[in-house]
Each structure stands twice: as C-alpha cells, then as structure tokens.
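S.K.: Before we start, here is the structure in question, set down as structure tokens.
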Amino acid sequence: MPNDHSIDIESVLQEERKFPPSAEFSRRAHIKSMAEYEALYRRAAEDPEGFWKECASELFWFKPFSKVLDWNFPWVKWFVGGELNASYNCIDRHLAGPRRNKAAIIWEGEPGDSRVLTYQMLAGEVARCANGLRSLGVKAGDLVTIYLPMVPEAVIAMLACARIGATHSVVFGGFSADALRDRINDAEAKVCITADGGWRRGQIVELKRSTDEALKQTPSIQKCVVLKRCGNRVEMRPGRDLWWDELMGPQKTVCDPVSVDSEHPLYTLYTSGTTGKPKGVVHSTAGYLLHTLMTMKWVFDIKDEDVFWCTADIGWVTGHSYTVYGPLAAGATAVIYEGAPNAPENDRFWQIIEKYRVNIFYTAPTAIRTFIKWGEEWVKKHDLSSLRLLGSVGEPINPEAWMWYHKVIGREKCPIVDTWWQTETGGILISPIPGATPTKPGSATRPLPGIAAEVVTREGSAVAPNQGGFLVIKRPWPGMLRTIFHDPDRYKHQYFEQIPGVYTTGDGARCDDDGYFWIMGRVDDVINVSGHRLGTMEVESALVSHPAVAEAAAVGRPDELKGQALMCFVTLEGRRKGDDRLREELRNHVAREIGAFAKPDTIRFTDALPKTRSGKIMRRLLRQIAAGDQTLGDTTTLEDLSVLSRLREDEE
Ligand code: WT7
C-alpha cells in the first residue's frame with residue numbers, strides 16, 4: 001500500500017463548529033454523556049477481554065465459549081469454543097416474548113407494493129428457505145451466492161444459509177455477468193439464488209439474464225434458484241434452474257438451526273483492493289454478530305419502538321451489517337426499499353420516511369449531495385417529524401452536506417452519526433455516540449469502546465495532533481475480517497505487513513486536539529465513487545481487455561456529487577486514433593465488465609502515460625492532472641518529462 005503518493009497526506013479542512021446532543025436526546029439514550037462514553041472506553045482499553053466477555057452475554061449461545069480471545073498475530077479467534085447460530089440470534093430469540101409479532105422487516109417495492117414480515121413470519125420463511133436449500137444438498141461449509149434485488153427474500157436467503165451453516169456470498173445486483181461469474185468462481189459456490197429481475201427507475205434489471213451469462217462459465221454451480229419478482233420472461237434450464245416458489249412453497253416452516261463454532265464463516269463479501277482481483281472478505285459468526293449488535297445500541301441508540309432505515313443495498317457490507325444482522329439481532333424493525341430514490345419522483349425517500357414514521361435514517365454523503373441538488377422543496381412536501389437520529393457512511397461527509405442534512409432533514413433536532421468503517425471491519429469503528437458526543441461537521445469523532453484507533457507514520461509511530469498519517473487499529477476487535485477467502489497471504493500482507501504490528505486501514509486521517517478523527521480518504525490506489533470502493537486496477541484491467549486499448553490508468557477526480565469521479569487515461573494499440581465513438585465504447589465496455597456504477601466519467605486518450613524509470617505508472621501525477629492542478633510537485637523520478645506537457649495539452 002504505502003506508495004509514492006502516500007506521503008502527500010496533508011489536511012486542509014478547518015471546521016470549528018460543534019453540535020452537542022440535546023438534553024432531551026441524551027436523557028433517553030443508551031449512553032447519556034461523554035463521561036459515560038469515556039468510562040466505557042477506558043474500561044474496554046484496560047481490560048479488553050473482560051469487556052468483550054461482558055458484551056458477549058447479549059448473544060444467545062448454544063454452547064458457552066471457554067476463552068475470549070486467541071490472538072496469534074495476525075490470526076484471530078474470538079469466543080473460542082463457543083457455539084451459536086446467527087439466524088437463531090436474529091429470529092428465534094425474539095419469538096418467546098412480545099417481539100414475536102413485531103415487524104422485523106417493512107419492505108417497500110419500487111412500484112409501490114409493500115410487505116411486512118413479523119419476526120414470527122420471518123421465522124417461517126427462513127425455515128422454508130433453509131429446508132429448500134437443504135433439499136438441494138446444501139450443507140454446513142457450502143457456499144451459496146445470492147444475486148437478488150432488494151426484496152425480503154434477500155434477507156430470508158441470507159438467514160437461511162446461516163441457519164444451516166452454509167456461508168453466503170451476496171453479489172450486488174448492479175454487478176455485471178462477468179463480475180458475478182468471477183465471484184462465483186472464486187467462492188466455488190454450489191448454488192446461486194437470483195430473481196427474474198428487479199425494479200430500478202421503472203425499468204426491469206434483468207438479473208436472470210446476467211446470471212445465465214455468468215453460469216456459462218461457473219463449473220461449481222449445481223442449482224440456480226429463481227425468484228419471480230418482475231414477471232419478465234426468463235429461460236429456465238431444466239435440471240439446473242428451479243423457481244423459488246416451487247422449491248420453498250411446500251417446505252416445512254420449522255427448521256432446526258445448526259449449532260456452529262464462533263469462528264464459523266458467516267459470509268464472504270467481495271471488495272476492491274489495489275490489485276485487479278476482488279478480495280473475498282471472510283467474516284465470522286460470533287464476533288461479527290456481536291459487533292453489529294453492540295453498534296446498533298451504541299451508535300444507533302436502537303429502541304424497541306424504533307423504525308430503522310439503512311438505505312444501502314444488501315449487496316454491500318452496510319446492508320449486511322445494518323439492514324440484516326445488526327437490526328435483527330437487536331430485535332428492531334428494519335425498512336427495506338427496493339428501488340431508486342427518484343422513482344417515481346425525487347421525494348421517494350421522504351415519502352417512505354413519512355409513510356412508515358421512520359425514526360433512524362442511515363444513508364451516504366453522495367445521496368445527500370444529490371438531494372441537495374434536487375432541492376428542499378421535495379423534502380418540504382413531507383412530514384419528517386418522526387426522525388430522531390441521522391447517520392452517514394461510505395466517505396467523508398463534506399461540512400456543507402452535513403449542515404444541510406442537519407438543518408433540512410434533521411430540523412436541527414437530530415444528532416448525526418458520521419460512521420467510519422470498512423467491509424473488512426464488519427461494523428462501525430469510529431463514530432459519535434449520539435447521546436454523548438458533541439459532533440463536528442466532517443469528523444467521524446471518536447473510536448468506539450474496544451477500538452484502539454490511532455494515526456501513525458509509515459513506521460508506526462504516533463503522529464502529533466493535527467498531523468496527517470495512516471489510520472491503523474492497534475488491537476483486534478470481534479467484528480474484524482478473519483482472512484481473505486482462498487488467499488491468507490493477501491490478508492496478512494495487505495492488512496498487517498504495511499505498518500508493523502497493527503491493522504492498516506488504507507485510509508489517511510488526522511486527529512485534532514479533542515482526539516476527534518478526520519478521515520482524509522484512501523492512501524492506496526483505490527477510489528471511492530458514490531460511496532462504492534473501486535480498485536483502479538479493476539477498471540484498468542477491464543479497459544485493457546478491450547482490443548483497442550494498449551495501456552490504461554484510472555484515477556479519481558474530485559466531484560461535487562459523487563465525491564470522486566472516475567477518470568481514465570488510455571493509450572491505444574498501433575496507430576489507432578481515439579474519438580468520441582471509441583470513448584463511448586470503452587465506457588460501456590467497463591460497465592459491461594464490472595457494472596454500470598463503475599462506468600468511467602471521463603476517458604482521455606494519450607500517446608503515453610507518465611512512468612517512473614522502473615516503469616510504474618505515476619498515478620499521483622495523473623490524479624493532479626485530473627484535478628486540474630497546474631503545479632505537479634516533484635517530477636524528478638519521471639522517465640519522460642515531455643509526456644506531462646503532452647497530457648496537459650490534450651486537456652478538454
Ligand atoms: C472505505 C471503506 C463501510 C461501509 C461502506 C464502505 C471510506 C467509509 C467513511 C466515513 C470517511 C469513510 C473509507 C473506508 N469511508 N465510511 N464515515 N468517513 N470515509 O465500505 O467499500 O469497504 O469502503 O470507505 O475510505 O476505508 P467499503
């Protein structure tokens with residue numbers, strides 16, 4: 001990771017405003033004051049194992065653990081010897097009391113249809129799905145790929161896997177056939193669960209069609225289960241494809257949960273790294289579940305009467321942790337919305353909040369910036385008075401967006417929790433505690449209890465307040481990833497060998513005089529477009545796979561709406577000349593290879609890329625050119641200086 005540009009970390013953001021929670025909010029909150037937070041933090045720092053042991057009593061164990069932590073750097077085991085089942089913790093545990101008939105999921109389809117599943121109803125559906133999967137031969141240790149739209153069946157399928165000890169691998173429905181194929185093959189999944197389609201802005205996203213394309217080259221897949229959502233025509237391959245309804249319909253509505261080890265892999269989820277190949281991040285059962293549950297209380301201050309809405313797709317970790325496992329383990333009510341925020345009109349989110357009286361709303365800065373652009377009038381049409389807490393995740397939230405969120409959505413009454421975390425961390429690590437922490441717009445504030453976050457130099461020594469450095473976590477925490485699927489060396493190398501003795505996040509940050517963390521973005525060759533982490537290498541590999549392309553470099557350019565826009569520098573094969581048609585073709589090619597969300601915003605043709613003498617593309621320079629920066633800093637390692645002036649001349 002630390003490469004030629006990581007020393008550029010420099011912080012310019014100055015933000016003096018501070019917003020303490022209202023006395024009213026604090027009085028009712030789980031954690032009521034900074035003193036209470038500090039005490040909890042100190043307790044966890046002084047006796048981490050005692051602290052997490054106490055927390056772990058919030059889970060339901062089939063067999064108690066004998067040891068809290070086994071830390072054999074960088075390999076970790078939490079709650080050693082314990083046994084449990086995640087679906088039992090998310091469902092059955094709530095059936096014995098008043099939560100039995102409480103809404104677990106309130107689902108809103110894009111066309112306006114809706115469905116409510118109580119915990120009891122969810123129990124029945126999950127059992128049927130679990131039995132259905134079992135009838136296909138799925139058993140503990142098998143992998144199941146889930147490629148579904150945002151429908152209740154996505155949650156049902158995840159929990160059904162957990163129930164029988166199978167490991168799920170959810171692939172975001174926006175990914176292309178090729179991306180799906182690669183993820184299925186890496187996971188060696190046995191079964192794929194998909195749908196005919198999903199609704200997006202009034203159009204049908206044809207998931208089964210992409211699945212068919214992907215399954216042409218996935219030798220491990222034995223069966224494909226197809227949910228009927230949109231009613232579009234699909235091809236069903238005899239012997240391989242089964243309709244969800246026909247498979248699950250006749251199954252029993254009870255299914256004994258399999259008791260699995262604490263460390264049993266609950267799921268793998270693919271995320272971008274610095275090399276072309278997506279990494280299958282592996283999460284455990286006990287530690288992961290505990291982390292999501294504790295953060296529901298600490299960060300979202302969840303109460304039984306709350307309606308909680310996290311807008312992230314279930315295909316991303318945010319959906320896993322804060323639509324499925326966290327809320328359900330906490331016995332909460334989670335809203336799920338299938339479609340786009342502007343379907344049919346720009347006020348769909350506000351309409352949903354009003355309709356279900358949502359209390360806690362969790363979304364991404366890129367969405368907030370889009371709402372700002374659409375204008376306050378869409379918000380004003382709706383009664384948002386049910387909201388009591390707002391959350392943000394995915395990228396740094398710029399202070400303007402923070403203030404708008406605070407004023408227009410929060411009516412200056414709701415605390416905002418700016419939650420910093422990653423696919424790898426499993427759950428939130430740095431965030432305000434809403435009833436305690438005075439917030440500063442743009443800062444994720446302080447680490448949660450049990451989280452030893454620090455900003456350090458490349459050598460690992462702490463930097464002074466207000467100095468930029470690498471954000472690292474110095475002690476293991478229960479929700480952390482356990483490995484990279486099939487690639488333990490990459491786990492070790494990428495997260496534990498960059499800076500000695502600690503978990504390296506790949507983010508730059510600084511700490512201010514109050515100990516508040518200000519995240520400055522990625523220091524590796526990974527960019528964040530609309531809250532989606534994209535490996536520049538993945539985009540580059542996709543471009544180079546086009547016959548016209550010789551070489552490509554992808555970089556991020558600051559963008560008002562998306563946070564970063566994707567800009568690609570491309571050199572062409574032979575004497576081929578770039579034109580608008582080829583530009584469009586290449587953009588579509590990347591969309592086809594990875595997914596529409598990865599479509600480059602700009603493609604610039606050039607006859608050469610700036611390289612070091614050893615042949616490494618100098619992305620730092622390209623980034624600066626992309627940002628329109630005229631002073632490029634140190635160019636002494638550049639092999640051919642004339643490349644730069646030529647690149648600049650080419651500017652559109
Ligand atoms: C990267 C992780 C974790 C859920 C969604 C993304 C950036 C995430 C924040 C925040 C500043 C943030 C970081 C991080 N990020 N949340 N509140 N403030 N940056 O998961 O795809 O694994 O990406 O997103 O750069 O490393 P992910």
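The values are calculated or read from the model by the stated rules, or taken from the named source; none is laboratory data. The structure displayed is predicted, hence computed values, not measured ones. So basically every Cβ, Gly included, is an ideal-geometry build from the backbone, and we count neighbours across all protein chains shown. Protein only, heavy atoms only, side chains kept; ligands, DNA and RNA dropped before computing areas. Shrake-Rupley method; radii C 1.70, N 1.55, O 1.52, S 1.80 Å.
S.K.: If the requirement is being out of contact with any strand residue (DSSP E or B) (no Cβ under 9 Å at 6 or more places or on another chain) and more than 14 Å from the ligand (Cβ to nearest atom), which of these qualifies: Gly435, Gly410?
M.R.: Numbers: Gly410 fails: out of contact with any strand residue (DSSP E or B) (no Cβ under 9 Å at 6 or more places or on another chain).
The unique qualifying residue is Gly435.
S.K.: Now for a different question. Is there any pair with a first residue in the range 525-554 that is on the phi > 0 side of the Ramachandran plot and a second that is within 15 Å of the ligand (Cβ to nearest atom) and open to solvent by less than 10 Å² (accessible area, probe 1.4 Å) whose Cβ atoms are under 9 Å apart and which are 6 or more apart or on different chains, and what are they?
M.R.: Hits for this filter: Gly531/Pro365.
S.K.: Quickly run through the range 200-215 and pick out the residues that are assigned to a helix (DSSP H, G or I) and aliphatic (A, V, I, L, M).
M.R.: Leu207, Ala214, Leu215
S.K.: Filter the range 361-396 down to residues that are within 16 Å of the ligand (Cβ to nearest atom) and among the hydrophobic types (A, V, I, L, M, F, W, C), then give me how many there are.
M.R.: Of all residues in the range 361-396, those within 16 Å of the ligand (Cβ to nearest atom) come to 361-369, 389-396.
After this cut, where a residue has to be among the hydrophobic types (A, V, I, L, M, F, W, C) as well, the list is 361, 364, 367-368, 389-390, 393.
Looking only at that region, the number is 7.
S.K.: Still on this structure, please answer the following. Take the conditions among the basic types (Lys, Arg) and modelled with pLDDT of 90 or more and apply them to Arg510. Does it pass?
M.R.: yes
S.K.: Kindly provide the set of residues from the range 440-451 that are more than 14 Å from Lys297 (Cα to Cα) and either within 12 Å of the ligand (Cβ to nearest atom) or in a loop (DSSP other than H, G, I, E, B) (or both), ordered by number.
M.R.: Lys440, Pro441, Gly442, Ser443, Ala444, Thr445, Arg446, Gly450, Ile451
S.K.: Follow-up. Take the residues in the range 64-117 that are among the basic types (Lys, Arg) and under 26 Å from the mean Cα position of the chain (by Cα); name whichever of them is least open to solvent (accessible area, probe 1.4 Å).
M.R.: Taking the candidates together, the pick is Arg115.
S.K.: Which of the helices (runs of 4 or more DSSP H) contained wholly in the range 337-405 include at least 1 residues that are out of contact with any Pro (no Cβ under 9 Å at 6 or more places or on another chain) and within 23 Å of Ala103 (Cβ to Cβ)?
M.R.: Counting at least 1 such residues, we get 348-356.
S.K.: Output the residue which, of all residues in the range 194-225 that are over 23 Å from the mean Cα position of the chain (by Cα) and of a type in the set (Ser, Thr, Tyr), is surrounded by the most Cβ atoms within 10 Å (Cβ to Cβ).
M.R.: So the residue we want is Thr218.
S.K.: OK, next. Scan the range 315-329 and report the pairs whose first residue is within 10 Å of the ligand (Cβ to nearest atom) and whose second residue is polar (S, T, N, Q) and open to solvent by 10 Å² or more (accessible area, probe 1.4 Å), with Cβ atoms within less than 6 Å and a gap of 6+ or a chain change.
M.R.: Listed pairs, sorted by first residue: Val317/Thr423.
S.K.: Suppose we filter the range 231-271 for residues that are acidic (Asp, Glu) and assigned to a loop (DSSP other than H, G, I, E, B); how many remain? If you could, list the steps in order and put the result at the bottom.
M.R.: As a first pass, look at the range 231-271 and keep what is acidic (Asp, Glu): 235, 241, 245-246, 256, 261, 263.
Pick out the ones that are also assigned to a loop (DSSP other than H, G, I, E, B) and you get 235, 256, 263.
Final tally of qualifying residues: 3.
S.K.: Just to be sure before I move on: is Thr423 surrounded by fewer than 24 Cβ atoms within 10 Å (Cβ to Cβ) and either within 30 Å of Gly515 (Cβ to Cβ) or among the hydrophobic types (A, V, I, L, M, F, W, C) (or both) in the structure I sent? Walk me through how you get there before you give the answer.
M.R.: Working: surrounded by fewer than 24 Cβ atoms within 10 Å (Cβ to Cβ): yes; either within 30 Å of Gly515 (Cβ to Cβ) or among the hydrophobic types (A, V, I, L, M, F, W, C) (or both): yes.
Yes; evaluated as a whole, the condition is true for this residue.
S.K.: Taking Thr218, is it hydroxyl-bearing (Ser, Thr, Tyr) and either at pLDDT below 95 or in a helix (DSSP H, G or I) (or both)?
M.R.: It is false that Thr218 is hydroxyl-bearing (Ser, Thr, Tyr) and either at pLDDT below 95 or in a helix (DSSP H, G or I) (or both).
S.K.: Counting residues that are in contact with a Leu (Cβ under 8 Å, 6 or more places away or on another chain) and farther than 18 Å from Cys310 by Cβ, which strands (runs of 3 or more DSSP E) fully inside the range 99-161 reach at least 3?
M.R.: Qualifying strands (runs of 3 or more DSSP E): 143-147.
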